[in-house]
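Novice: This is the structure I have questions about; it appears just below.
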Amino acid sequence: MRHTSGETLCGSFVNLYKELAALVPQEINFEVYQDRLTFCLYEYHSWPEWTFHWLPVSFIDRLEGPLKRIAITFIHEFAQSNGMSYLDEWGDLEWALEWMDGYASGPNPDKEERKEYRRTIRSYCKGHAVHLLERVQKRCYYKRLRQAVERYRPADEYEKGLIALFREGLQFIGSDTPSIMRYFYDPYDDEGIGDGITVDPDRMIRVVFDPHDLLADNLSEMLNHEIQNCDYLIAPATTLFLTPELTEPFSKDDYPERFAAWAESFAEYLNAYKPDRP
């Protein structure tokens with residue numbers, strides 16, 4: 001590549017940017033990396049930007065014995081491996097509960113709706129929802145989760161489908177796998193001080209109690225409003241910093257695509273397949 005120097009240092013950078021852009025198919029950004037200014041190649045993955053990948057735990061209530069412990073361990077390990085936060089780690093939970101409490105205390109809801117709102121608030125403040133989330137976040141029953149999944153013998157079709165999804169989801173668990181949160185790249189944010197308004201990916205990919213209860217409905221409505229009014233959404237991308245130490249060319253895998261496909265299949269299964277049990 002032949003480089004044309006500019007009249008100033010900034011001019012040389014601009015020329016170099018244009019020359020590099022003509023050579024590579026990826027997008028290019030300036031980044032401060034390891035205390036020095038460098039180029040960053042990045043390429044976005046195919047990603048459903050408006051989809052909330054909320055990993056539920058409420059289905060665990062329908063399970064018993066070893067399968068229940070496998071499910072708790074699976075969600076725990078899946079979330080940990082992918083850097084996923086839990087619902088109570090974000091301030092929007094407190095905001096939603098305050099709004100729900102105000103609504104339930106007002107004149108609009110009827111007796112049954114008010115009762116349902118109160119029940120949901122209690123569950124998230126000091127009841128079953130918050131306790132199950134805490135249990136999943138803290139407990140890991142199997143050090144060898146893969147072996148536990150393979151050894152389990154499903155009792156019915158529901159368990160068979162659930163174990164199949166767990167088995168497929170093992171590809172996203174472990175110290176040798178990427179983390180989905182590490183793929184999210186914001187080319188407009190310089191060291192966390194970007195001027196653009198966006199929505200944090202941690203709020204769109206996280207562990208929740210039930211993605212279809214009253215609280216989740218209020219949270220999703222709030223997030224959808226934020227998404228409609230934000231400047232842009234942060235999406236998964238593969239990046240490569242062009243440093244003197246670079247030894248490998250740009251290479252892009254399909255981890256985000258596989259993650260999104262599995263998460264959607266998992267959610268659809270839990271929504272569609274209701275086992276014949278309490």
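Derivation of every value follows stated rules applied to the coordinates shown; laboratory data play no part. Model, not experiment: these values are computed from the prediction. Cβ placement follows ideal geometry from the backbone for every residue including glycine, while neighbour counts extend to all protein chains displayed.
Novice: At a Cα cut-off below 16 Å, give the lysines reachable from residue 138, other chains included and same-chain residues fewer than 8 away excluded.
Specialist: In chain and number order, the partners are 68.
Novice: Can you classify the chain as rounded, prolate or oblate using the Cα gyration tensor, where a ≥ b ≥ c are the square roots of its eigenvalues, rounded means a/c under 1.5, and otherwise it's prolate if a/b beats b/c and oblate if not?
Specialist: oblate
Novice: Quick one: length gained pulling residue 139 to residue 182 fully straight, 0.36 nm per residue minus the C-alpha distance?
Specialist: Full-extension gain reported as 13.1 nm.
Novice: I've got another one for you. Quote the charge dipole size of the chain about the Cα centre in Debye, to the nearest 20; the model charges only the Cβ of Lys and Arg (+1) and of Asp and Glu (-1).
Specialist: Dipole magnitude for the chain comes out near 1600 debye.
Novice: Write down the percent of antiparallel bridges among all DSSP beta bridges whose residues are both part of the chain, to the nearest 5.
Specialist: So the antiparallel bridges in the chain amount to around 70 percent.
Novice: Take residue 171 and residue 230, extend 7 Å from each Cα along the Cα→Cβ direction, and tell me the distance between the two endpoints in nm.
Specialist: In this crude spin-label approximation the distance works out to 2.7 nm.
Novice: Given a 10 angstrom Cα cut-off, can you work out which residue in 29, 15, 229 is the most mobile in a GNM of the chain?
Specialist: Judging by the Gaussian network model, the answer is 15.
Novice: Give the lysines reachable from residue 18 as a straight Cα distance under 25 Å; neighbours fewer than 8 places away on the same chain don't count.
Specialist: Once the sequence-local lysines are set aside, what remains near residue 18 is 252.
Novice: Cα to Cα, under 16 Å, and not fewer than 8 places away if on the same chain: which aspartates and glutamates meet these conditions relative to residue 160?
Specialist: By straight Cα distance, residue 160 reaches 64, 150, 168, 268, 276.
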